[in-house]
């Protein structure tokens, strides 16, 4: 399940996504990549697995694999962010499958939250990744409206962002999620 | 999916124009059942004039349905511990095999002693290397993650014993979140004969890790077993008849 992703477009107010890779070389600046993308990568893993410790292991493993494969990174095929997410997707999927195969008995208070509330757990992983890859503002809007069930007016009162802006953010976030899920289906076929 | 949300330039409607932005805004409101009565009239008029809106509504409605099944979203920030662990990736360690950070670290090494091992993405991947094979190899030690046995991502050398005369065998273990990876470099086993690698837990339970064929050239293999390194007692290579070819006892994880 290795999606061929489009390149990241520049986001207003952000530095172009190239700093973690030294230009003209295959060296990976792990620290810069982690500063830039660590929160998003962790968000994907935490919300896919519902296990903070396991999710942090996944993020570490993602960077270990990225470091190993740093020579194979090709900036012409996608951004560092896209590359890291592609690596993490395999890590999370491996962990998910391993956990599914080897259920363990743990005290109730230590049991992770249930994950599979949808028929296909892979759909959940795909949705988690899609949400993690949104900008913070777009994810916050779509989470407030479609996960928390708030009205746009309520979100606007809470955040100070105009209703029209929130609606437009959610529209674009939903489109981005649809594209992401469509890409996953294509690459899974 | 493009990262960080495509179309963010149109965040406030500037990118798609007034009419398009209004259509997008009303579509989002409709998907959340958040249209006012007057907006509903306006949106119905837009839909009548542009049938593509209904197609978009249906398509995005599927996404909304998926979101409703998702549950909650937890916003998280990396811990200091994770930051330190990731910082250790790619940092020059005490391993003399790693001289600097950069693309040249992965240069193949050859000769006696520790053999070059293939870094591959696929699990249980094997490679038979002929003379002058021209394959760029890297040792897993290039991960530069250091630490005692059981450290995630760190390469732990293990000593196999019992192999027949003429069999040159080198092995490492790598602890992962999902299990234990065995990295083997083997020369001298009968060509075409099948061998299995079994990881034995400290409770005696056996975990199948994979199989490979002997070759007249050196074979490099990476095999994964669904048992955590902290629960591993030994790694065994077995012939097709089940007899051990070589066994490596591994130290307990203490931390």
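In whole angstrom, how far apart do the alpha carbon centroids of the stretch A:67-82 and the stretch B:159-216 sit?
Taking the Cα centre of each part, the stretch A:67-82 and the stretch B:159-216 sit 31 Å apart.
Ordered by packing density, taken as the mean number of other Cβ atoms within 10 Å over each peptide's residues, highest first, how do B:188-200, A:77-89, B:239-251, A:167-179 rank?
The most tightly packed comes first, giving A:167-179, A:77-89, B:188-200, B:239-251.
How well do other chains shield peptide A:76-86, expressed as the mean number of their Cβ atoms within 10 Å of each residue Cβ?
1
Partner chain Cβ atoms within 10 Å, averaged over the residues of B:54-62 - can you pull that number for me?
Counting Cβ atoms of other protein chains within 10 Å of each residue's Cβ and averaging gives 2.
Ranked by Cβ crowding within 10 angstrom, fewest neighbours first, how are A:44, B:70 ordered?
Fewest-to-most Cβ neighbours within 10 Å comes out as B:70, A:44.
Can you work out the FRET efficiency for the pair residue B:208 and residue B:52, with r the C-beta to C-beta distance and R0 = 56 Å, to the nearest 0.05?
Efficiency for this residue pair is about 0.60.
Can you order the peptides A:57-64, B:56-63, B:178-185 by their average number of other Cβ atoms within 10 Å per residue, highest first?
In decreasing order of mean packing, A:57-64, B:56-63, B:178-185 become A:57-64, B:178-185, B:56-63.
So, in nm, how far is label residue B:216 from label residue B:87 when the simple model puts each one 7 Å beyond its Cα toward the Cβ?
For the pair residue B:216/residue B:87, the computed spacing is 5.4 nm.
May I ask you to order B:207-217, B:18-28 by the average number of other C-beta atoms within 10 Å around their residues, highest value first?
B:18-28, B:207-217
Run the simple label-point estimate for residue B:36 and residue A:97 please: 7 Å along Cα→C-beta, distance reported in nm.
It works out to 5.2 nm between the two label points.
Suppose R0 equals 41 Å; then what is the FRET efficiency for residue A:122 and residue B:157 from their Cβ-Cβ distance, rounded to the nearest 0.05?
That pair, residue A:122 with residue B:157, gives E of 0.65.
What's the average, rounded to a whole number, of partner chain beta-carbon atoms within 10 Å of each residue's beta-carbon in B:77-84?
Per-residue shielding by partner chains comes out at 5.
State, to one decimal in nm, how far the label point of residue B:69 lies from the label point of residue A:75, with both points 7 Å from Cα in the Cβ direction.
Distance between label points: 4.0 nm.
How much length is gained if the chain between residue B:243 and residue B:45 is pulled fully straight, taking 0.36 nm per residue apart and subtracting their Cα-Cα distance, in nm to one decimal?
Roughly 63.5 nm would be gained on extension.
Read-outs: derived from the displayed coordinates by stated rules, not from any lab. Owing to the predicted nature of the structure, the values given are computational and were not obtained by experimental measurement. Please note: Cβ atoms are built from the backbone with ideal geometry, for glycine as well, and neighbour counts cover all protein chains shown.
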